[in-house]
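Here the structure comes first, spelled out in structure tokens, and everything after it is commentary.
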Amino acid sequence: MRALLDTGAFLPHGVCYLRQPDLIALHVISDLIIALAYFMIPISLLYLVRRARAKLSFNWAIVLFAAFIILCGTGHLLDILVIWKPLYWLQSWERALTALVSLATAIAILPLVPKLLSMRSPQELEAANQRLREEIKLREGAENDLHRSLSELKRAVQELEQFAYITSHDLQAPLRNVSGFSQLLMRRYKDKLDGDGVEFLDFIDKGVRQMQTLINDLLSLSRVGRGEATFTVGPLKAPIDRALAALDPVIRSREAVVKVDEGLPSIKADHSLLAQLFQNLIDNATKFHKPGVVPEVHVSIWPEGSQWHLLVKDNGIGVPKDQLETIFAVFRRLHSADDYEGTGIGLAICRKIVRHHGGEIWAESPGVGEGTEFHVRLPREPIMPTSPSVPRLAAVH
């Protein structure tokens, strides 16, 4: 057989064998090409793992497979070396290591088969992307409609506030006439009127005063946020003192005790509105007191992250838990005007002032007869509110 191989003789079935040197050359070239291919594959896999590390959940399996491929390529290089030098011990250890890595790779790949089978095809991904684009387009259309509706609503609110301001302002002129002439009638003709006539004039005077209070409150509500915001840094004690000075006659008549914490900080806010806020809250706290109990009010403030937390606490009649939110609505009253005077607008003004500063206000009460706490959070750096231009309405005469 060796002679046949050396001479290149043909076997009976017609297969030609190359000479031994040619076979060795073919063996070496084939192993080199195979080894080169084996080394190129893991380079591509490792590059893929590096670039798509966050996108692939099975990087470890790819690395293990790359190690297996490298060992296979190394085996082909050893096959070339043993032709000239019998490094069979090294080849055996390499084969054993290749066997272990190949077994580990096969075990690692098995759990990945269901995941790979569940992966979507390019056609399915394109269809999903198309549906997503359509949903995004629909959502953008809905957001545009919402922004348009909000703009229209904001414009309507601004126009309504403008109308309320003008209407309330113009109502004062005829109201002053009614008040003036009723007082004039009382002074000049009181002696000529019987008891019913005097009582009727008293009803007129009382109604005029109630109407004047209501108009003033409506004007206060409509004025909040109408002008340019003037947020300045100043001591909180100043607006509280202004509120207490304005309420001094009322506090004395109710024999109330108002305690304010010492060391009040300086805060950035519209201090004229803060004075109105504290005036309404303290007035509300001293008004709704329990019969026979001295009204006590405690005003405090403390920092809370990026906000200031203000608290006005009283020992009054309290608020039912199901009414803690509704008391901030305009004209919302829990008691009749005969029991407690007022228009039901004071807390609505407070909420509007707080929102003008970008804050929040809420009430807490254990229940009826247990007092009430009014909490206010104001940002340390209030955002300047934007007032869209609203066409002015002509006054109605």
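Things to note:
- Modelled label positions at Gln123 and Ala104, each set 7 Å beyond Cα in the direction of Cβ, lie 4.1 nm from each other.
- Remark: accessible surface ordering of Lys321, Lys192 (largest first) is Lys192, Lys321, probe radius 1.4 Å.
- Chain lengthening between Glu364 and Lys154 when straightened (0.36 nm per residue, less Cα-Cα): 72.6 nm
- Ranked by the mean number of other Cβ atoms within 10 Å of their residues, highest first, the peptides 67-76, 171-180, 145-154, 344-353 come out as 344-353, 67-76, 171-180, 145-154.
- Probe 1.4 Å, all protein chains present, accessible-area order of Val293, Val319, Val260, largest first: Val293, Val260, Val319
- Cβ-derived FRET efficiency at R0 30 Å, Lys290 paired with Glu262, nearest 0.05: 0.60
- Take Ile136: with every protein chain present and a 1.4 Å probe, its accessible area is about 80 Å².
- Long-range HN-HN contacts of Trp308 with modeled amide H, under 5 Å: Leu378, Arg380
- ³J(HN,Hα) computed for each position of segment 263-278 - Karplus, 6.51 cos²θ - 1.76 cosθ + 1.60, integer Hz, glycine/proline x: x, 5, x, 8, 10, 9, 6, 8, 5, 5, 6, 5, 4, 5, 4, 5
The values are calculated or read from the model by the stated rules, or taken from the named source; none is laboratory data. No experiment lies behind these values; they were computed from the predicted model shown. Glycine gets a Cβ as well: all are built from the backbone with ideal geometry, and neighbour counts include every protein chain shown. Keep in mind that these areas ignore ligands, DNA and RNA; they rest on the heavy atoms of the full protein, side chains included. Shrake-Rupley method; radii C 1.70, N 1.55, O 1.52, S 1.80 Å.
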